[in-house]
Structures are given as structure tokens and as C-alpha cells.
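The values are calculated or read from the model by the stated rules, or taken from the named source; none is laboratory data. Quantities reported herein were computed from a predicted structural model and do not represent experimental measurements. No Cβ is skipped: glycine too gets one built from the backbone with ideal geometry, and neighbour counts run over all protein chains shown.
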Amino acid sequence: MLDLTHEFSEREKIKMFWEERDLARAMVGFYAAYIYPDVLYSAVLSLIFFLPLPERFCLSKRWALVPLLGVGLATAEIVYTRGIIEAFPLPTGLSANLLSAFLPVGGGWSWIERSGYEFMSGLKAERDFLFPAPVGKTIDHIIMIMDESVRGDYLSVNNYTVDDTPRLKTDTSLINFGVAVSGANCSVFSRVMFRFGMREGDVENWQQAINKPSIWDYAKHGGYHAIYIDTWRSPFNYGNGFTPAESQKIDKKISVLDDPSYLRDEKVVNVIKQTLEAGANEKIFLYVDKFGVHSPYYDKYPREKTIFTPEGSALIDISRAHYANAIAWSVDNFFARLKNVLSMDRTLLIYTSDHGQTLSDSLPLSHCSNGVDQKTVSGEGYVPLFAKTNDEGFGKLLRHTASEGNNHFSHFEIFPTLLLAMGYEYKWVKERYGDSLLDIPASGKKRAFYAGSPTRTRLISTD
Ligand SMILES: [Zn+2]
């Protein structure tokens, strides 16, 4: 009823809230200033609605069928329009969206959406895909680490003035691509784009894009054992927008849910080591959804590990100090520990973050602003991008492009790089997914990221 701006009628946003529900407890305190007035307004409005109507305004019970019919029609429309129901009038839009958000999603589409689409359009939804066979040399162990909320230009290894990553700076095995740009500024949006190798333009055809092969399909087809380390959900529960088709491809899911949560990334180091040692004789594709530094920042590192104190007393100074401490703990410490335990022989590691942060005192959101009626800053798309490998050929090429094209890369080049490491043919990969990290970015190339959610987004340019 309070949804006068249609903000909560967006299916993707409802899904996002559901996906990120693990953070609810922490975020209530953070957004208390916005939540409390809304609760008050809704209480007052509810009170008005519950007041008995004067008898002359009352209708017979038969009229109760009218709103029910409206909900039914709106639900039918979901099937017909494949969920693009933002423009639906209230309250039907809200009810229909809530309903559709809980429909089982199969391979990106719920059964009802897929059947409805195929029935109405006479087309077959793309679900099967012909894969080329991997032909090239492969790297046996591929580790893809997706961090959470790490802003690329807030790392001293990328010239940030606060020295929050001193050990990364002196790590000569690090191949640093500088500050990269993510696909989107919101976790689920960006991560799904990433796992499906989406490029600019695919977002507008979201349902089709998430029916195409994901990174798991390529890994499995390439003969890799697909292992997923998750720091958010229990072993049988998938977050981050995973489709059932993706989860079916995963051979093993390992959940790291230590409490306090800042211990999880430390534990992940050991889990990576043990997983690769156990699979020493097989090909492994290991995808890590790292815990990272999601806001609020103060509880993302142990208090006794505080290094930086605020430069001033403003809220933003305090936030930045907490953030630098969280980065030192969650990124610098993580890589230092990983370096001690992990051999990079026959191994390629790629690291980035799902999106950056606003780190601004004038903007209410730390990320996920939609760029339409909310201001989006470039920092929400700035992410780190590193690689590590002892593979001579691959390492040499990566070092060359990292130095020649420093600060000109984005998430879009990572997916094709993973495919090349799995042995898929260079020309085929390039035609389908564009440049990889083995290509020097074309001069004058402009980077951009999507803001908000797939149904309400704007492309934000960063260069
Ligand atoms: Zn995120």
C-alpha cells in the first residue's frame, strides 16, 4: 500500500532482498533512520484502513471477487509477459510480484514462465547448446575468487594513499590489472552476469541470457570437477542468483559459515588448499564466493586487528577507517595466507569483486543505486582484478596485458579468460564473448557498468 513509487513492485528487487536476506540483521541497524519513519507511516495508514466504514459505503460480499479477479489476471499476465510487470497498477502489481518471486525458477525461468512463453510465442526457449570441444592446452586447477564489496581504488596496491594492502604490494607473483570495472553495482545482478558471461546488451534480454551456458557448463564440458565454496549459505542452499540449472552442474558445494563472520575468509584459505590437494590428480574448477567487506564495515575485521583510525570525526572518516581495516584483514591478510599455503603450479587464480562502494557521506546507499532516480557514482563499479599463475605461457601473456592495459579492464574480459584456460579455442571464445585478459584493451575503449536491477537499470560510464 505504501509502494507509491513502485520501488517494491520490482520483481528483481524482491528477489534481491530475498537473496541478501542473510544480511538483514546487520542492515536493520544501518538503515534504521529510513526504516523507523516508514514503519510509523504504515502503522498510521493501517490504522486508518482498519477503522470501520460507515454503512452507506459498504458493498455486498460478492464485490470481494473483484480484487481477487485482478490478482488472477495479473498472474496470467506474468506468464504472458515473462515477468515484466513493473508497470502494473497497485495493489495487483505488488501481489503478483510477490507471487512470482516465489515461483520455482528452473534454468532461469520458472516452469510456468517457460511454458507460457513457448505457448504464446510458438518459440522454443533456448535451453540446449552445442559446445565446441576444448582444443588447446588447459590449466588443471582454475580458481575464480569473487569477493564482496571490495572497491578497486581503495587498495594501496592500486595506489590508494592509505596502505591497507602492504603485503599485496610486495608480492611479485601478483599479476595486477589495476582498477577494473564490474558488470553491475549490485551483488546478485553482477554475479549472475559474470557467471553467464553476459556482455553489454545481454542484460536487456535477461531471461534469454540466463538460459545460455554458464561458467559451470563450460567447466563440466571441459572435463573439470566443479567445486563451489560459499561463505553465505548452507550446503544445500544456493544464493547469489544461482539457477537450478547451475546448481545441478556443481559436483561439490562447500559452505564456510564460521561465526564471527570475519573468520570465514581465513577458513576459505585452508579449504582451497585442502580441496586442491585432494584433487591433485584431476582437473578442478573452483569458484569461491568470498565473504569480503559488505557494509556495515565495522564488524568485518577483528577489533584487535585495528590498524587505521579515522582522520576526522565525520561519519565518512569513520566509515573509511573501518573500510581500510576491513580491506587489510579480508584482502591483504587473505592473500598473504594463501601465498603461504598454495602452490601455483598447474594453477590459475583470478580474483575480483562483485562491485565497488560509494564510500560517500552524501549518498544513502553503499551500492546498488539504480542510476535512474538514485545517483550512481563510478566507485560502485570500481573493483580490483588480479591473477596468479606459474603457467609460463599464460603467465607471460597476462603479465604483458596487465602492464600494457593497466586500469582498462572489466569483468567482461574474465569469463573468456577462464574459457581459454579450460582449453576452448581462442577464435571461438573471442567471437562469442569478446576480448579476454590475454588481449590488450583497444585504445579509446570505454568501460561502463549496469546500475540497479536488470528490470530497472542504466548503463553508467566510468571512462
Ligand atoms: Zn555485493
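Out of curiosity, is F242 of a type outside the set (V, I, T), assigned to a loop (DSSP other than H, G, I, E, B), in the same structural domain as N270 (by TED's automatic domain parsing) and out of contact with any helix residue (DSSP H, G or I) (no Cβ under 7 Å at 6 or more places or on another chain)? Judged against the criteria, F242 is a match. All of V135, V162, V203, V179 fail the test of being away from the ligand (no atom under 16 Å from the Cβ), touching a Phe, Trp or Tyr at 6+ places or on another chain (Cβ under 8 Å), under 27 Å from H221 (Cβ atoms) and modelled with pLDDT of 90 or more, apart from V203. Output the residues belonging to the range 403-420 that are of a type in the set (A, V, I, L, M, F, W, C) and within 21 Å of the chain's Cα centre (by Cα). Within the range 403-420, F409, F412, I414, F415, L418, L419 qualify. Checking C368 against (1) away from the ligand (no atom under 16 Å from the Cβ); (2) in contact with a Gly (Cβ under 9 Å, 6 or more places away or on another chain); (3) among the hydrophobic types (A, V, I, L, M, F, W, C), only one condition comes out false. Which one? It is condition (1) that C368 fails. When you look at N211, is it assigned by TED's automatic domain parsing to the domain that holds R264, within 16 Å of the ligand (Cβ to nearest atom), modelled with pLDDT under 90 and buried (at least 19 other Cβ atoms within 10 Å of the Cβ), yes or no? So N211 fails the test.
Checked against (1) in a loop (DSSP other than H, G, I, E, B); (2) without any contact (Cβ under 8 Å) to a residue 40 or more places away in the chain; (3) buried (at least 19 other Cβ atoms within 10 Å of the Cβ), H322 meets all criteria but (1).
Each residue in the range 185-208 was checked for being touching a Gly at 6+ places or on another chain (Cβ under 7 Å), surrounded by fewer than 23 Cβ atoms within 10 Å (Cβ to Cβ) and assigned to a loop (DSSP other than H, G, I, E, B), and 1 of them qualify.
The listed residues are K388, K396, and the only one of them that is without any contact (Cβ under 8 Å) to a residue 40 or more places away in the chain and among the basic types (K, R) turns out to be K396. Taken over the range 274-301, residues that are assigned to a loop (DSSP other than H, G, I, E, B) and over 25 Å from the mean Cα position of the chain (by Cα) amount to 5. Look through the range 338-362, keep the residues that are away from the ligand (no atom under 16 Å from the Cβ), part of a loop (DSSP other than H, G, I, E, B) and not small (G, A, S), and return whichever of them is farthest from Q274 (Cα to Cα). Per the stated criteria, the residue is D361. Just one of the listed residues (K253, K283, K249) is of a type in the set (D, E, K, R), in contact (Cβ under 8 Å) with a residue 60 or more places away in the chain, farther than 22 Å from G152 by Cβ and assigned by TED's automatic domain parsing to the domain that holds L420, and it is K283.
Report yes if some residue within the range 246-254 is part of a loop (DSSP other than H, G, I, E, B) and within 19 Å of the chain's Cα centre (by Cα); otherwise report no. Within the range 246-254, one or more residues are part of a loop (DSSP other than H, G, I, E, B) and within 19 Å of the chain's Cα centre (by Cα).
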